[in-house]
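Data block below; observations after.
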Amino acid sequence: MKYAIAIRNMGPQSTRETIRACARTAERLGFDAIFVSDHLCIPPDETEGSGGRYLDVLATLAFLAGATDRIRLGVSVLVLPYRPAVLTAKQVATFQELSGERMILGVGVGWMKREFEALGVDKRLRSQMSNETLRVLRHLFTTEPTAYRGDLVSFPAFVFEPRPKCPPIWIGGNGDPAIARVLEFGDGWHPMLPAEKLKPAVAALKEKLAAKGRSEVEIVVRRGFHLDDIEAAREKIAAERDAGATYFIYDLGRYGSEREFAAQAEAFMSKVAP
């Protein structure tokens, strides 16, 4: 199992000094990756914990790429319908190029109705828009200049450079549409399921992958827990591994400062992670 850690790109912890210090700490401690979370338009009555302050995920990762050397940098998850497909592809390619291909692209369809409304995006089309964006990404990253004709997006042939290796794509979500995306596009599955429900879901996914001649994918979980009981924390990690998880993102929640982040992150890596 690989271990990553979430960094708060929201709230008072999202200053340039704090996020940079946390990223460097995570790299020093040997985490595989750091992850940030995607929101663009927080309604006034949904600001508890963040104050409505959110840094754009791709700009934040670009900043952190410049502050680190080796650690991978991911989104958990990028809400695909929020951004135009071709622009998303260009931003992802640029980040991949400048970071030395360190990106992990977790993607999802989104859920906050008023955020869709603020962006002028029809929430009813979120699944269709997400699939279209993933097809555009695949088209631009894998073909020479060729026109694209999709259900929602069409464009003439153009030069897509730089064109680094496409980052691994982890599909967020639990339902049948998410599983279909894993089968078509995914290098990983990033569900929000407790360990007891994850195990049969992973078994079912593996059967579907095998039926399509697909190799197994990364199974990603993101969890938060306190480290006041180390043995209990170890048992939780063991349960996730037994359920089929291959990748664990540790979410500290609302740590107060970079010092608290460092203390918790170090305790996790030295006492909990095998």
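The values are calculated or read from the model by the stated rules, or taken from the named source; none is laboratory data. On a predicted model such as this, the values are computed, not experimentally measured, just so you know. Positions of Cβ are generated from backbone atoms using ideal geometry, with glycine treated the same way; all protein chains shown enter the neighbour counts. Accessible surface areas use protein heavy atoms only, side chains included; no ligands, DNA or RNA. Shrake-Rupley method; radii C 1.70, N 1.55, O 1.52, S 1.80 Å.
Looking at Glu132, Glu196, Glu207, which one is in a helix (DSSP H, G or I), buried (at least 18 other Cβ atoms within 10 Å of the Cβ) and free of Cβ contacts under 8 Å to residues at least 60 places away in the same chain?
So the residue among Glu132, Glu196, Glu207 that is in a helix (DSSP H, G or I), buried (at least 18 other Cβ atoms within 10 Å of the Cβ) and free of Cβ contacts under 8 Å to residues at least 60 places away in the same chain is Glu132.
Among what's in the stretch 211-238 and is small (Gly, Ala, Ser) and surrounded by fewer than 16 Cβ atoms within 10 Å (Cβ to Cβ), pick the residue that is farthest from Ala201 (Cα to Cα).
Out of the qualifying residues, it is Ala232.
For residues in the stretch 1-31 being in a loop (DSSP other than H, G, I, E, B) and open to solvent by less than 40 Å² (accessible area, probe 1.4 Å), which is nearest to Thr68 (Cα to Cα)?
Looking at residues that are in a loop (DSSP other than H, G, I, E, B) and open to solvent by less than 40 Å² (accessible area, probe 1.4 Å), I get Phe31.
Please identify the pairs in which a residue from the stretch 210-235 that is farther than 28 Å from Val36 by Cβ has its Cβ atom under 7 Å from the Cβ atom of a residue that is at pLDDT 95 or above and not in a loop (DSSP other than H, G, I, E, B), counting only partners at least 6 apart or on another chain.
Lys212/Leu183; Arg214/Leu183
I'd like the residue in the stretch 35-87 that is in a loop (DSSP other than H, G, I, E, B) and touching a Gly at 6+ places or on another chain (Cβ under 7 Å) and, out of all such residues, is least open to solvent (accessible area, probe 1.4 Å). First the steps, then the outcome.
Filtering the stretch 35-87 for residues in a loop (DSSP other than H, G, I, E, B) gives 37-43, 47-53, 55-56, 68-71, 83-84.
Those still in the list that are touching a Gly at 6+ places or on another chain (Cβ under 7 Å) too: 42, 49-51, 53.
Working: Ile42: 37, Gly49: 29, Ser50: 13, Gly51: 67, Arg53: 111 Å².
Filtering the stretch 35-87 for residues that are in a loop (DSSP other than H, G, I, E, B) and touching a Gly at 6+ places or on another chain (Cβ under 7 Å), the one least open to solvent (accessible area, probe 1.4 Å) comes out as Ser50.
So is Ala233 over 22 Å from the mean Cα position of the chain (by Cα) and in a helix (DSSP H, G or I) or not?
Values: over 22 Å from the mean Cα position of the chain (by Cα): yes; in a helix (DSSP H, G or I): yes.
Yes; evaluated as a whole, the condition is true for this residue.
For the stretch 156-179, name all the residues that are open to solvent by 40 Å² or more (accessible area, probe 1.4 Å) and not in a loop (DSSP other than H, G, I, E, B).
Hits for the stretch 156-179 are Asp176, Pro177.
Only residues in the stretch 239-254 that are acidic (Asp, Glu) count as the first member; pair them with residues that are assigned to a loop (DSSP other than H, G, I, E, B) and surrounded by fewer than 17 Cβ atoms within 10 Å (Cβ to Cβ), Cβ under 8 angstrom, at least 6 apart or cross-chain, and list the lot.
Filtered contacts from the stretch 239-254: Glu240/Met1; Asp251/Gly224.
Right, Ile34: in contact with a Cys (Cβ under 9 Å, 6 or more places away or on another chain) and touching a residue at least 40 places away in the same chain (Cβ under 8 Å) or not?
Answer is yes for this residue.
Quick test of your reading of the structure: Lys90 fulfils all but one of (1) part of a helix (DSSP H, G or I); (2) surrounded by 17 or more Cβ atoms within 10 Å (Cβ to Cβ). Name the failing condition by number.
(2) is the only condition that Lys90 fails.
Checking Val121 against (1) open to solvent by less than 50 Å² (accessible area, probe 1.4 Å); (2) in contact with a Ser or Thr (Cβ under 8 Å, 6 or more places away or on another chain); (3) more than 26 Å from Gly188 (Cα to Cα), which test does it fail?
Failed condition: (2).
Looking only at the stretch 239-274, which residues are open to solvent by 60 Å² or more (accessible area, probe 1.4 Å) and within 20 Å of the chain's Cα centre (by Cα)?
Result: Arg241, Arg254.
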